[in-house]
């Protein structure tokens with residue numbers, strides 16, 4: 001596929017056309033035409049910036065050769081003189097109306113990985129969602145000693161403690177009215193509001209109902225806090241805790257930069 005002056009490999013075009021553009025108001029052809037325009041417009045600027053970077057690095061290398069002992073003030077003055085350190089710009093604002101929420105609104109970790117390491121890239125992209133249970137059970141958040149020591153088989157006391165800490169986390173970020181997540185039973189229903197059945201026969205609702213996003217057919221609950229999603233996985237048969245909570249999945253690393261050079 002040829003678009004303006006760029007050639008697009010077949011598998012990349014198929015991915016953009018058959019997967020990335022699905023549900024969006026753009027076409028693969030429009031995407032690559034726009035990409036070609038951007039590359040053509042910015043290519044000279046990019047080449048000039050790379051040349052400037054090489055010049056700056058050469059000047060810095062030469063300074064270090066001549067100055068075996070570094071004086072912070074003189075070094076800072078040198079970096080300003082060559083344009084490596086520039087003055088702070090005046091305050092400005094930008095329009096983010098057409099910028100994805102992951103960039104413009106959601107605060108969260110951003111991972112940077114080299115494109116040359118496929119495993120790093122895959123792990124980074126998959127880090128958008130992570131198991132709170134795995135993070136608690138598999139680390140020293142719960143001290144690995146005594147009755148809580150990990151073993152080849154699941155340590156049920158450690159599993160129970162994991163569930164308790166996860167419930168405490170939910171109490172903090174999406175609290176219930178007059179109850180704790182430690183008290184809930186596995187059955188959840190929605191009747192104008194999200195209703196949790198408690199193990200004493202009572203019911204509880206969210207302190208902040210607007211945190212409720214959705215309820216799946218299997219009973220999983222999707223909540224939101226600070227624009228980040230939280231999925232409560234309820235499974236009475238697989239859960240080792242009386243709450244019936246089998247896992248809590250957190251929206252974690254929001255974006256990933258796939259770097260072509262510097263993050264090796």
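The values are calculated or read from the model by the stated rules, or taken from the named source; none is laboratory data. Treat the numbers as computed from the prediction; the structure is a model and nothing was measured. We place every Cβ from the backbone using ideal geometry, glycine too, and count neighbours over all the protein chains shown.
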query = When only residues in segment 212-236 that are more than 21 Å from residue 134 (Cα to Cα) and in a strand (DSSP E or B) count, which is nearest to the chain's Cα centre (by Cα)?
reply = 213
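If I filter segment 179-192 for residues that are in a loop (DSSP other than H, G, I, E, B), under 28 Å from the mean Cα position of the chain (by Cα) and free of Cβ contacts under 8 Å to residues at least 40 places away in the same chain, do I get at least one hit? Even if it seems obvious, please write down each step before you answer.
Step one: list which residues in segment 179-192 are in a loop (DSSP other than H, G, I, E, B), which gives 180, 191-192.
Keeping just the survivors that are under 28 Å from the mean Cα position of the chain (by Cα) gives 180.
Now drop any that are not free of Cβ contacts under 8 Å to residues at least 40 places away in the same chain, which leaves 180.
The answer is yes; a qualifying residue exists.
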ask   = Of the residues in segment 174-201, how many are out of contact with any strand residue (DSSP E or B) (no Cβ under 6 Å at 6 or more places or on another chain) and exposed (fewer than 12 other Cβ atoms within 10 Å of the Cβ)?
value = 5
note = Restricting attention to segment 136-167, the residues that are surrounded by fewer than 17 Cβ atoms within 10 Å (Cβ to Cβ) and either free of Cβ contacts under 8 Å to residues at least 12 places away in the same chain or not in a helix (DSSP H, G or I) (or both) number exactly 16
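Hey, could you check segment 118-131 for residues that are farther than 11 Å from residue 251 by Cβ and in contact (Cβ under 8 Å) with a residue 12 or more places away in the chain and say which is surrounded by the most Cβ atoms within 10 Å (Cβ to Cβ)?
Of everything passing the filter in segment 118-131, 124 is surrounded by the most Cβ atoms within 10 Å (Cβ to Cβ).
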query = So which of 208, 197 is closer than 30 Å to residue 109 by Cβ and free of Cβ contacts under 8 Å to residues at least 40 places away in the same chain?
reply = 208
query = Name the pairs: first residue in segment 229-246 and assigned by TED's automatic domain parsing to the domain that holds residue 154 and farther than 12 Å from residue 163 by Cβ, second residue modelled with pLDDT under 80 and assigned to a strand (DSSP E or B), Cβ to Cβ under 6 Å, at least 6 apart or on different chains?
reply = 236/186
ask   = Which residues, taken from segment 105-115, are surrounded by 13 or more Cβ atoms within 10 Å (Cβ to Cβ) and more than 12 Å from residue 253 (Cα to Cα)?
value = 113, 114, 115
query = Taking into account only those residues within segment 84-104 that are modelled with pLDDT under 95 and surrounded by 11 or more Cβ atoms within 10 Å (Cβ to Cβ), which is farthest from residue 251 (Cα to Cα)?
reply = 96
Output for segment 193-211, where each listed residue is part of a loop (DSSP other than H, G, I, E, B) and under 22 Å from residue 224 (Cβ atoms) = 193, 207, 208
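For every residue, the table says whether it meets (1) in the same structural domain as residue 82 (by TED's automatic domain parsing); (2) in a loop (DSSP other than H, G, I, E, B); (3) farther than 30 Å from residue 79 by Cβ; (4) touching a residue at least 24 places away in the same chain (Cβ under 8 Å).
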site: 12; (1), (2), (3), (4): yes, no, yes, no
site: 16; (1), (2), (3), (4): yes, no, yes, no
site: 25; (1), (2), (3), (4): yes, yes, yes, no
site: 36; (1), (2), (3), (4): yes, no, yes, yes
site: 40; (1), (2), (3), (4): yes, no, yes, yes
site: 46; (1), (2), (3), (4): yes, no, no, no
site: 51; (1), (2), (3), (4): yes, no, no, no
site: 54; (1), (2), (3), (4): yes, no, no, no
site: 63; (1), (2), (3), (4): yes, no, no, no
